[in-house]
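Asks: Could you have a look at this structure, given as structure tokens, before my questions?
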Amino acid sequence: MSATVATHHAGYVEGIRIIAARELGAYFDSSIAYVYTIAFVILANSIFMNEFFLTGTVDMTAFFDLMPLLMVLFIPAVTMRLWAEEKKTRTIELLLTLPIRTSQAVMGKYIAALGLFGLFLVGSLPIPIMLLVLGSPDLGLIISGYIGLLLLGGMFLGFGMFLSAISGDQIVAFVLSAIVGFAFVLSGQEQVVAVLDGLIPALSIGTVLYENFSVMPRYDSFVRGVIDIGSLTYFVLFIGLFLWLNVQLLERQRT
Amino acid sequence: MTDHQGATTATADPKRAAKEAPKDSGRTDQPVMIDAKDVTKRYGSTLAADRVSFEIRRGEIVGFLGPNGAGKSTVLKTISTWLPPTSGTVEVAGFDVQKDPLAVRQRLGYLPEHNAMYETMRVDRFLRFMGKVRGMSGEHLTKRTNWVVGKCQLEAVLGKRINQCSKGYRQRIGLAASLLHDPQVILLDEPTHGLDPLQVAAFRDFIRELRPNRAILFSSHILAEVMATCERLLIINLGKLLADTTVTELRAVADEKNISLEEAVLEIVRKGGKRT
């Protein structure tokens, strides 16, 4: 589809690429990218090092265990502006009257946010490099953990961006996304599951949520080095769902 | 003031005005580029546009005149594909805005109300982005960019961020971005807003230069603005199209009643106001 370029109209993939490039540029123009990346690198590396000196083992499990809670705060900060800012400054009218499909705009923004998240992850690479220098860590385990983290971040970016479009306000979008993120993470905590199960024992809400909703069992399987189809499907379905909802919402908001 | 020839009857009657073919002197052989039929837009209980119909042909510059909140922007937003009309249809260059929005957008240059742009982007990068997203590239994009930059006199601000530019520059950046792809249909919502008199004069010359082979519709709430640039004008208030007339016709009405042109327009607006 992208091979044949008609006049005044970019191909589908090319359109996504152009939107993504602009969006990523906007992160750097407004220095958000630098501030967030530096903050993430300092936080992630220092917390890991603390753990590393305590346990003294050459693996990254401590790092990956820490990430979901850190993402609950970092990802909403990345996604909150994506649609809320366009709405506040009214540039959304400019963007969505260009000859692109709404899905191209959504995908472009998503990929830009994913790119910034990717930069965060690159900032954590000193950890595996250090481990490689100090000993012989299980590389498969580390790679599988990174894949899990990328999927977890990708899913958080998906609902973060959707909530930015729904709320139209950056602060509200941040708070909502953080709450949803917490729900996805906390529903995987043993204590939370136990408390929820205790509320109405017959329904065992906690277990139902843990098994069907929580991100933690899926993410943990990657961290443990198991890449199974069920977990992969979970992430892909949720990411697809949020992107689809985002397109539907924007189409409906044109009134 | 205009080079207009031969118009006959004044059209102060809104019902007739909306239905009649444009009387803009011998351009009826040109294809219809904007065809609005009974465009209605309802926001809750408010009728922002009420069965607005008109045709604009290639080679026409039409002024869309009305007080603030008359429904000008609403109608322009439906033509631009931004807002779907509650009922009625709009076709741009033969493409329906709802059924074929991409085809419409490719042919359309649109300067929205408030001229919102990506504030933190550099002017040159913003123009490149607007060109690329429209499928332009390489030499063609460079050539077109140089042309709009020259025409809109943007050389001095190309390396600046948009939020560092003055109001006059911003308006011209928006205009440049909307004309980059050489659109057949140009929609400008309050294009002279924030320009000084010299810039307004330059804008008029520029728009007249664009006229051949294009259909241009621009909105304003200032009669002098519209008269200086267009022959034909659409007068709208409270969502209703009150007149589809020419400056010459309006002048004839004004002379006949011995009132000024402004008063003639106000009379049309007031009449329309009573009916709603």
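Values quoted throughout were computed directly from the atomic coordinates according to the rules given, and no laboratory measurement underlies them. Small disclaimer: the values here were computed from a predicted structure and weren't measured. Glycine gets a Cβ as well: all are built from the backbone with ideal geometry, and neighbour counts include every protein chain shown.
Asks: Considering the Cα positions of the protein assembly as shown, please state its Rg to one decimal place and its Dmax as a whole number of Å.
Replies: Rg and Dmax of the protein assembly as shown, Cα atoms, are 28.5, 98 Å.
Asks: State the extension gain, in nm to one decimal, for the chain segment bounded by B:Glu155 and B:Thr28, taking 0.36 nm per residue of separation less the distance between their alpha-carbons.
Replies: The span from B:Glu155 to B:Thr28 would gain 41.8 nm if fully extended.
Asks: Hey, what did chain A get for relative contact order, percent, Cα under 8 Å, at least 6 apart?
Replies: Once normalised by length, the contact order is 24 percent.
Asks: Cα centroid distance between region A:168-217 and region A:102-131, in Å?
Replies: What the calculation gives is 25 Å, centre to centre.
Asks: Is there a simple number for the mean count of other chain Cβ atoms within 10 Å of the Cβ of residues in B:101-111, and what is it? Show your work: numbers first, answer last.
Replies: Details: counts 5, 7, 4, 2, 7, 6, 2, 4, 0, 4, 1.
For this peptide, the per-residue mean of nearby foreign Cβ atoms is 4.
Asks: Let me ask something else. Projected onto the charge dipole of region B:123-276 (+1 at Lys/Arg Cβ, -1 at Asp/Glu Cβ, origin at the Cα centre), which of B:Val148, B:Val269, B:Ala243 gives the Cα projection farthest towards the positive end?
Replies: Going by the charge dipole, the pick is B:Val148.
Asks: Let me ask something additional. Determine the shielding of peptide B:115-123 by partner chains: average, over its residues, the number of Cβ atoms on other chains within 10 angstrom of each Cβ.
Replies: On the way: counts 2, 9, 4, 11, 6, 6, 4, 2, 0.
Mean number of neighbouring Cβ atoms from other chains: 5.
Asks: Still on this model: Aspartates and glutamates within cross-link reach of B:Lys143: Cα-Cα under 19 Å, excluding same-chain residues under 8 positions apart?
Replies: The qualifying aspartates and glutamates are B:Asp124, B:Glu155, B:Asp182, B:Glu209.
Asks: A further question follows. With +1 on the Cβ of every Lys and Arg and -1 on the Cβ of every Asp and Glu, and nothing else charged, how large is the dipole of region B:180-276 about its Cα centre, in debye rounded to the nearest 20?
Replies: About 420 debye.
Asks: Classify region A:12-253: rounded, prolate or oblate, from the alpha-carbon gyration tensor (a ≥ b ≥ c, eigenvalue square roots; a/c under 1.5 rounded; otherwise prolate if a/b is larger than b/c)?
Replies: Cα axes put region A:12-253 in the oblate bin.
Asks: Among B:Leu65, B:Ala116, B:Val90, whose Cα sits farthest toward the positive end of the charge dipole of region B:28-116 (+1 at Cβ of Lys/Arg, -1 at Cβ of Asp/Glu, about the Cα centre)?
Replies: Looking along the dipole axis, the top candidate is B:Ala116.
Asks: Also: So what's the convex hull volume per residue for the Cα atoms of chain B, in Å³? List each step's numbers first, then the result.
Replies: Working: hull volume 34.8 nm³, N = 276.
Each residue corresponds to 126 Å³ of Cα convex hull volume.
Asks: Given springs between every Cα pair under 10 Å in a Gaussian network model of chain A, which of A:Met49, A:Met130, A:Met80 has the largest fluctuation?
Replies: Among A:Met49, A:Met130, A:Met80, the largest mean-square fluctuation in the Gaussian network model of chain A belongs to A:Met130.
Asks: Report, as an integer, the average count of C-beta atoms from other chains found within 10 Å of each Cβ along B:70-82.
Replies: That average works out to 1.
Asks: Let me ask something else. Can you give the FRET efficiency to the nearest 0.05 for B:Lys271 and A:Phe28, using r as the Cβ-Cβ distance and R₀ = 45 Å?
Replies: Once the sixth-power term is evaluated, E becomes 0.20.
Asks: Length gain on complete extension for the stretch A:Asp138 to A:Val122, per 0.36 nm per residue less the alpha carbon to alpha carbon distance?
Replies: 3.9 nm
Asks: In debye to the nearest 20, how big a dipole does region B:16-275 give about its Cα centre with +1 on each Lys and Arg Cβ and -1 on each Asp and Glu Cβ?
Replies: That gives region B:16-275 a dipole magnitude of about 700 debye.
Asks: Which one, A:Thr91, A:Gly188, A:Leu24, projects farthest toward the positive side of the charge dipole computed for the protein assembly as shown from Cβ point charges (K/R +1, D/E -1)?
Replies: Of the options given, the answer is A:Thr91.
Asks: A 30 angstrom limit on the alpha carbon distance is what I want to check against. Which of A:Lys88/B:Lys41; A:Lys87/B:Lys99; A:Lys109/B:Lys151; B:Lys167/B:Lys257; A:Lys109/B:Lys240; B:Lys37/B:Lys132 exceed it?
Replies: From the list (A:Lys88/B:Lys41; A:Lys87/B:Lys99; A:Lys109/B:Lys151; B:Lys167/B:Lys257; A:Lys109/B:Lys240; B:Lys37/B:Lys132), the Cα-Cα distance tops 30 Å for A:Lys109/B:Lys151; B:Lys167/B:Lys257; A:Lys109/B:Lys240; B:Lys37/B:Lys132.
Asks: In degrees from 0 to 90, rounded to the nearest 10, what is the angle of the helix A:229-253 Cα long axis to the longest principal axis of chain A?
Replies: Once rounded, the angle reads 30 degrees.
Asks: Same structure again: Between region B:143-173 and region A:20-57, what is the C-alpha centre distance in whole Å?
Replies: 36 Å
Asks: May I ask what percent, to the nearest 5, of DSSP beta bridges between residues of region B:16-275 are antiparallel?
Replies: Restricted to region B:16-275, the bridges split so that about 55 percent are antiparallel.
Asks: While we're looking at this one, here's another question. I want the antiparallel fraction of DSSP beta bridges within the protein assembly as shown, as a percent rounded to 5.
Replies: Of the beta bridges lying entirely in the protein assembly as shown, close to 55 percent run antiparallel.
Asks: If I take every Cα pair under 8 Å that is 6 or more residues apart in chain B, average their sequence separation and divide by the length, what percent do I get for the relative contact order?
Replies: Relative contact order here is 29 percent.
Asks: Now for a different question. To the nearest 10 degrees, how steep is helix A:190-199 against the longest Cα principal axis of chain A, on a 0 to 90 scale?
Replies: 80 degrees
Asks: What shape does region A:56-152 take by its C-alpha gyration tensor, where a ≥ b ≥ c are the square roots of the eigenvalues and a/c under 1.5 counts as rounded, a/b above b/c as prolate, and the rest as oblate? Mind showing how you got there, number by number?
Replies: Working: a/c = 3.75, a/b = 2.81, b/c = 1.34.
Note, shape of region A:56-152 comes out prolate.
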